[in-house]
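The values are calculated or read from the model by the stated rules, or taken from the named source; none is laboratory data. These figures come from a predicted structure and were not determined experimentally. No Cβ is skipped: glycine too gets one built from the backbone with ideal geometry, and neighbour counts run over all protein chains shown. Each accessible area value is taken on the protein alone, full model and side chains, heavy atoms only, with ligands, DNA and RNA left out. Shrake-Rupley method; radii C 1.70, N 1.55, O 1.52, S 1.80 Å.
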Amino acid sequence: MSTQTILIRGSHRLRSLLIPAAGLTLALAPGSFALPDSATLTVRVDQPGPRIDPIFYGLMTEEINYSYDGGLYGELIRNRIFQDQPIVPRGPRPAAANPAGAQAGAQAAAPTPAANPAVAKNPNLINWWLVAGPGAAGDIDIDTHDPVNTTALKNSLKLDIKSAGAGRRVGVANDGYWGIPVKPNTVYTASFYARAGQGFKGPLNVAIEGSKTGTVYASGQVRALTQAWKKYTLKIRTGQVQATTDARFVLSSTNQGSLWFSLVSLFRPTYRNRPNGNRIDIMEKLADMKPSFLRFPGGNYLEGRDFENRFNWKATIGPLEERPGHMSPWSYRSTDGLGLLEFLYWCEDLNMEPIVGVYAGLHLDQGRTTITGDALKPYLEEALEEIEYITGSTSTKWGALRARQGHPAPFRLRYVEIGNEDWLNNGLQNYAGRFAMFYDAIKARYPDLQVISSLRSRDKYDHTRKPDLLDDHFYVSIPTALAQAHYYDNYDRAGTKIFVGEWATNNPRGGPTGHMAFALGDAAWLTGLERNADIVVMNCYAPLFCNVNPGGMQWSINLIGYDALGSFGSPAYFVQKMFSNNRGDVVLATRLDPLPKLNAEQIPQAPVPPGGRGGGSAGPAGPFDAVYATASRENSTGNIILKLVNVQAVPQPLKIDLQGAEMVAKEAKGEVLAAEPAAINSVAEPVRVAPRPVTIANAGLSFTHELPAHSVTVLRLKTR
Ligand code: AHR
């Protein structure tokens with residue numbers, strides 16, 4: 001007989017009822033579960049503690065998991081300048097070399113691409129297909145003669161239309177990043193360079209079409225092409241169509257001749273209508289988090305696999321025609337269409353401060369090609385120029401260039417980080433010298449800038465120059481996240497302040513986004529960061545994005561997932577949103593008594609993916625705290641903000657005492673995120689796990705409140 005167990009409480013002791021699934025006969029099995037005793041949360045409202053820096057919650061980003069190309073960046077054409085190649089899956093470094101990182105070398109298997117005869121002829125034709133129906137004939141190839149330019153656009157695509165006519169078109173199609181997203185009543189901006197051979201009469205048809213169906217969703221036409229390169233731009237509009245990703249972009253003609261194309265682009269509508277801008281749905285999700293800063297361009301994307309593929313900021317600015325792109329360390333080519341100025345626009349659009357990582361000579365190659373000493377000086381100069389590009393007035397060389405490129409006003413910049421994770425790749429051997437060079441030069445020219453070391457506090461490294469901040473990174477299992485909620489409790493209060501520049505509760509062999517179990521680990525950990533706001537200045541989860549299509553993921557457990565059409569926040573995203581939207585200005589001391597405890601078996605577990613392992617399996621043995629709490633005061637409203645995390649499978653009764661408060665209103669509002677540890681969101685079910693609003697009517701100087709099982713609660717208590 002299958003049974004279902006429900007929990008009831010009497011005098012704060014739990015009894016269980018076994019209910020036969022098929023009937024209503026009840027069998028009482030008293031005392032088989034113990035309801036946690038009520039605990040008392042004391043909040044010292046009269047003892048304001050450390051100030052929470054207004055910059056405390058932000059975002060970290062890099063090109064990984066198709067974050068920009070195939071993600072945030074509004075471009076829909078994949079391999080638009082014909083320099084991509086079929087993907088060779090490979091992470092940035094072998095697993096053994098990544099002690100912090102759970103995920104070194106982790107790769108989702110790239111799908112075997114459908115056989116494309118064009119790619120067999122030339123690998124640079126990846127994602128481009130010849131279109132020739134019955135009775136039509138043609139050919140496509142890469143042509144390096146007479147390109148638009150020899151820097152970025154050295155390859156063009158040549159289309160030979162050999163046999164065509166009415167109803168017998170020949171063309172070339174691009175299948176985008178796992179399909180071109182078709183939405184109803186939407187205007188797309190198509191653009192490309194084209195030239196025609198002698199005798200081609202035109203017209204050229206431009207369309208978004210169903211890949212399998214051939215349905216034309218949006219179309220336009222260029223009447224004639226010139227024999228010299230010319231840029232064409234068209235707006236094409238869908239009607240009242242069904243949304244789909246089963247679509248491709250097609251350039252075709254029914255007339256014979258040879259045509260060449262370069263920089264073929266199709267943009268979806270962008271956030272705030274920025275040209276070359278970002279996808280709206282994902283930007284809106286970020287805006288909802290109210291982040292204070294953006295750490296960019298990485299991550300490993302800053303360092304690159306080698307010197308040629310570092311984040312070379314100068315190659316990421318200016319017209320797209322001059323951006324060759326480069327290999328991201330995560331196996332695929334980056335267009336650099338989302339370059340330095342676009343990162344800054346992204347900051348501007350979401351009211352975030354940039355936290356800029358500058359290249360400092362290290363690559364992801366175990367130190368084989370690290371640049372040091374005098375050889376590093378040109379790149380130090382490049383970093384100074386980068387800072388001038390961001391912050392300089394129009395009377396400076398690089399500030400003037402920024403103005404010519406569209407943004408005369410300088411951007412606000414307070415923090416610069418020197419490299420990324422220099423504790424890896426044998427970076428420790430020479431970081432002292434490299435850091436000192438950058439520190440001295442930056443402080444000399446920009447004394448107000450805060451200089452962040454990419455080393456962690458636990459490296460206990462002798463820097464020779466005292467960094468303003470250290471960048472601690474943590475990718476940890478669920479038990480470790482719970483235990484590390486106390487990580488900074490015993491940190492030297494006179495020690496260097498901390499930027500937690502990458503962190504997540506994760507599982508190196510998980511899926512693109514995490515389950516509720518991971519979000520509980522995150523929330524517990526965040527209470528520890530907030531309580532230690534005197535040490536921790538700011539923090540950001542990583543990675544931020546993942547394209548959930550097969551082959552889109554290089555790093556498992558990311559904050560926001562998407563395909564070409566839809567996006568969703570993971571449960572961890574909602575934790576971030578809840579915490580960031582309810583920050584407070586000053587920490588208030590809290591004490592839980594008695595402190596409920598869990599053993600290792602009671603820790604919430606995420607399901608084990610095929611071939612993977614659960615996020616709860618590795619870590620300290622316990623016991624672990626079962627409840628985590630932090631409290632703060634918001635100066636503008638006087639509100640007391642409580643953040644409460646219950647990682648137990650049973651509700652936790654709490655008595656909440658607000659010591660030193662003069663008045664607390666009876667009604668309090670907040671949000672609660674509660675779900676089974678295995679619950680997860682997806683494109684199809686984006687808000688299966690999402691916070692719900694709560695209103696309580698019994699708040700006061702001392703009141704009781706029950707935390708649901710597996711939950712994160714934020715309460716705002718009014719004191720005015
Ligand atoms: O966030 C993924 C990677 O983890 C980053 O690129 C790197 O800095 C860290 O090792």
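Check the range 437-459 and report whether any residue there is surrounded by 23 or more Cβ atoms within 10 Å (Cβ to Cβ), within 30 Å of residue 390 (Cα to Cα) and more than 16 Å from the ligand (Cβ to nearest atom).
Narrowing the range 437-459 to residues surrounded by 23 or more Cβ atoms within 10 Å (Cβ to Cβ): 438, 452-455.
This time we only want the ones that are within 30 Å of residue 390 (Cα to Cα), so: 438, 452-455.
Now drop any that are not more than 16 Å from the ligand (Cβ to nearest atom), which leaves 438.
Checking the range 437-459: at least one residue is surrounded by 23 or more Cβ atoms within 10 Å (Cβ to Cβ), within 30 Å of residue 390 (Cα to Cα) and more than 16 Å from the ligand (Cβ to nearest atom).
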Residue within the range 367-379 that is in a helix (DSSP H, G or I), away from the ligand (no atom under 16 Å from the Cβ) and open to solvent by less than 10 Å² (accessible area, probe 1.4 Å) present: yes
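I'm checking my understanding of the structure. Among residues of the range 268-296 that are of a type in the set (Phe, Trp, Tyr) and either open to solvent by less than 10 Å² (accessible area, probe 1.4 Å) or part of a strand (DSSP E or B) (or both), which one is farthest from residue 543 (Cα to Cα)?
Only one residue fits best here, namely 293.
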Scan of the range 549-563 for residues that are on the phi < 0 side of the Ramachandran plot and surrounded by 23 or more Cβ atoms within 10 Å (Cβ to Cβ), ordered by number: 552, 553, 554, 555, 556, 558, 559, 560, 561, 562
Any chance residue 669 is crowded, with 17+ Cβ neighbours inside 10 Å, among the charged types (D, E, K, R), in contact with a strand residue (DSSP E or B) (Cβ under 8 Å, 6 or more places away or on another chain) and modelled with pLDDT of 95 or more: no
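Among the listed residues 58, 74, identify the single one that is open to solvent by less than 10 Å² (accessible area, probe 1.4 Å), away from the ligand (no atom under 16 Å from the Cβ) and under 30 Å from residue 285 (Cβ atoms).
Details: 58 fails: away from the ligand (no atom under 16 Å from the Cβ).
Result of the check over 58, 74: 74.
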Meets criteria (modelled with pLDDT of 95 or more and assigned to a loop (DSSP other than H, G, I, E, B)) for residue 553: yes
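Out of 433, 528, report the one residue that is in a helix (DSSP H, G or I), more than 16 Å from the ligand (Cβ to nearest atom), open to solvent by 10 Å² or more (accessible area, probe 1.4 Å) and touching a residue at least 24 places away in the same chain (Cβ under 8 Å). Walk me through how you get there before you give the answer.
Numbers: 528 fails: open to solvent by 10 Å² or more (accessible area, probe 1.4 Å).
Of 433, 528, the one residue that is in a helix (DSSP H, G or I), more than 16 Å from the ligand (Cβ to nearest atom), open to solvent by 10 Å² or more (accessible area, probe 1.4 Å) and touching a residue at least 24 places away in the same chain (Cβ under 8 Å) is 433.
Residues checked against (1) open to solvent by 10 Å² or more (accessible area, probe 1.4 Å); (2) within 16 Å of the ligand (Cβ to nearest atom); (3) touching a residue at least 12 places away in the same chain (Cβ under 8 Å); (4) assigned to a loop (DSSP other than H, G, I, E, B):
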position: 302; (1), (2), (3), (4): no, yes, yes, no
position: 318; (1), (2), (3), (4): yes, no, yes, yes
position: 324; (1), (2), (3), (4): yes, no, yes, yes
position: 329; (1), (2), (3), (4): no, yes, yes, yes
position: 336; (1), (2), (3), (4): no, no, yes, yes
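May I ask you to list the residues in the range 211-267 that are at positive phi, assigned to a strand (DSSP E or B) and of a type outside the set (A, V, I, L, M)?
Step one: list which residues in the range 211-267 are at positive phi, which gives 214, 257, 263.
Within this subset, residues satisfying the condition of being assigned to a strand (DSSP E or B) are 257, 263.
Matches in the range 211-267: 257 only.
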Residues within the range 436-462 that are assigned to a loop (DSSP other than H, G, I, E, B) and farther than 18 Å from residue 357 by Cα, tallied: 3
Residue in the range 115-136 that is farthest from residue 163 (Cα to Cα), counting only those that are open to solvent by 40 Å² or more (accessible area, probe 1.4 Å) and part of a strand (DSSP E or B): 129
Test result for residue 382, under 24 Å from residue 262 (Cβ atoms) and surrounded by fewer than 20 Cβ atoms within 10 Å (Cβ to Cβ): no
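Output yes when any residue across the range 604-623 is assigned to a strand (DSSP E or B), surrounded by fewer than 23 Cβ atoms within 10 Å (Cβ to Cβ) and of a type outside the set (A, V, I, L, M, F, W, C), and no when none is.
No: the range 604-623 contains no residue that is assigned to a strand (DSSP E or B), surrounded by fewer than 23 Cβ atoms within 10 Å (Cβ to Cβ) and of a type outside the set (A, V, I, L, M, F, W, C).
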